[in-house]
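Computed from the coordinates by the stated procedures, all read-outs in this text should not be read as laboratory data. All figures in this text were calculated on a predicted structure; none of them were measured in a lab. With ideal geometry, Cβ positions are generated from the backbone for all residues, glycine too; neighbour counts draw on all protein chains shown.
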């Protein structure tokens, strides 16, 4: 599954019989291997927003099965505890695969209640291959430069062009990183997390992950259950569908969120002048798409880039007013400038985005098997497109390098776990990036978990985003391990925050903490 860089970094995602407890070679490492971790040397790396942030680096094996072989470097960050009551390290991860977690430590530490944050060393990290970790993968810079072929393969020529792009990217990764790609996967990243634990001198860790970070957390808990103290998972990947099936499920959910945007626009016809019938407004959107396929706006926004621009609205409804204004300006005023601006703000991919996408594909293509016969992709995606046209083919091409990936695939980890302390899960009912079923599934698989549901919420990454009801449960758990225990599937239910209103001049210049978080989350699924 995917999330785009710049606005929402760029990822994700049932056949239980195909799963094993852990992939080949994924047994718990020998104690001697993890005991060798060096002490960390923390240095100031403060930012304006996070003045107490510190940074360090850690050498880890490229292949944890060969601890004395080639080493790579992980970039770490920390906001140190300030309270005399110390509860240990709290590792945080924003998702991806491919999301940088260095500033997330500052965000989490500053967003939690001060008394809670003060009790933890909040630890961020760039997973292997990401951001400031070395080597940082960048398979093919400019892969998403506009204007790309139309995502909708209505002719053999368009389909061929998109297939060639996918093959070219996979080939570039294999050529440039042949010795590294076999070790860019979730299990190796989880082993890195345990190396971080050892370097911190902690017997157990606390962990807080969003999006793909929930899968990292669940796999860590499976491999190292005795090393988990507290575990918070927000916007949860369905681990039984990684990654091909999860991406198809995501297409339906994003289509629903796109229609929710159309319904929201219909409520504000006085502002956007696109009509009061959501279906007719949706028809105007697809007409805009068809026009851009023929004549890209500003030489940058063709049909595929239009989809890229509106996909972030499926992650976070705070973007809806900006998207609606761009849509309205193009349709009603023949003014493409706001659309180009929205693309540049929400969807354009820079070097960090190229790096994120390189890790995204490297992890997902290696983690689990994908169809290697393009006919299967064609059949499955056309079938989904018939019911959910908004993102299906865009998402298919985003993931298509996995059909041609130069490494073989591992078997996913079965994360079912009865050995953990109480675990806290958060899930919105209408989340598109990680549909609700993922939260319900993990709730069943983790024996002592509690599920907090945001009813009618459609955003992705829901804690520390302004919902006091959700944050109350998070703060209680991090304070003393308290979890809600209810009846039925959900242990607690919180109402969603209201949808946004159209922009005012003041609101347009104001960035919220919520949009800051959604800019960090890194999972297209």
DSSP-defined antiparallel bridges as percent of all bridges, segment 61-153, nearest 5: 70 percent
Rh by Kirkwood over Cα pairs, then Stokes-Einstein D for segment 317-397 at 0.890 mPa s and 25 °C, µm²/s: 157 µm²/s
Simple label model, 7 Å out from Cα along Cβ direction - residue 279 to residue 178, nm: 5.7 nm
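Restricting to bridges with both residues inside segment 79-228, how much of the DSSP beta-bridge set is antiparallel, in percent to the nearest 5? Each step should come with its number before you reach the end.
Values: 1 of 9 bridges.
Restricted to segment 79-228, the bridges split so that about 10 percent are antiparallel.
Suppose we keep just the DSSP beta bridges with both residues in the chain; what percent of those would be antiparallel, to 5? Let's see the in-between values first.
Details: 17 of 45 bridges.
Looking only at bridges with both residues in the chain, the antiparallel portion is about 40 percent.
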Cα gyration tensor category, rounded, prolate or oblate, for segment 244-393 with a/c compared to 1.5: prolate
Cβ crowding within 10 Å averaged over residues, with 316-329, 264-277, 136-149 ranked highest first: 316-329, 136-149, 264-277
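Just want the ordering: 72, 205, 158, 184, from fewest to most Cβ atoms lying within 10 Å of their own Cβ. Write down the numbers at each step before the final one.
Numbers: 72 19, 205 23, 158 16, 184 26.
So the ranking, lowest neighbour count to highest, is 158, 72, 205, 184.
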Structure-based [θ]222 nm, the chain - -39500 (n - 2.57) summed over DSSP H runs of at least 4, per residue, nearest 500: -13000 deg cm²/dmol
Alpha-carbon centroids, segment 316-338 and segment 241-276: separation in whole Å: 15 Å
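Could you list 454, 305 in order of exposure, starting from the residue whose Cβ has the fewest other Cβ atoms within 10 Å? Numbers along the way, then the final one.
On the way: 454 28, 305 25.
Taking fewest neighbouring Cβ atoms as first place, the list is 305, 454.
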Structure-derived Rg/Rh (Cα atoms, Kirkwood Rh): which label, when the choices are (1) 0.95; (2) 0.98; (3) 1.07: (1)
Packing rank of 412-422, 251-261, 43-53, 488-498, where each peptide gets the mean count of other beta carbons within 10 Å, highest leading: 251-261, 412-422, 488-498, 43-53
Residue-span extension gain [residue 419 to residue 134] - 0.36 nm each, minus C-alpha spacing: 99.2 nm
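Let me make sure I get this right: for segment 151-258, a, b and c are the square roots of the gyration tensor eigenvalues over alpha carbons, sorted descending. Under 1.5 in a/c it's rounded, otherwise prolate if a/b > b/c, else oblate. Which is it? Mind dumping the intermediate values first?
On the way: a/c = 3.87, a/b = 1.65, b/c = 2.34.
Taking the square roots of the gyration eigenvalues as a ≥ b ≥ c, segment 151-258 is oblate.
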Cβ crowding within 10 Å averaged over residues, with 92-103, 285-296 ranked highest first: 92-103, 285-296
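How much length is gained on full extension from residue 256 to residue 145, taking 0.36 nm per residue of separation minus their Cα-Cα distance? Provide the component values of the computation, followed by the final result.
Values: separation 111, 0.36 × 111 = 39.96 nm, distance 2.77 nm.
That works out to 37.2 nm of additional length.
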Cα centroid separation - segment 204-233 against segment 362-438, whole Å: 20 Å
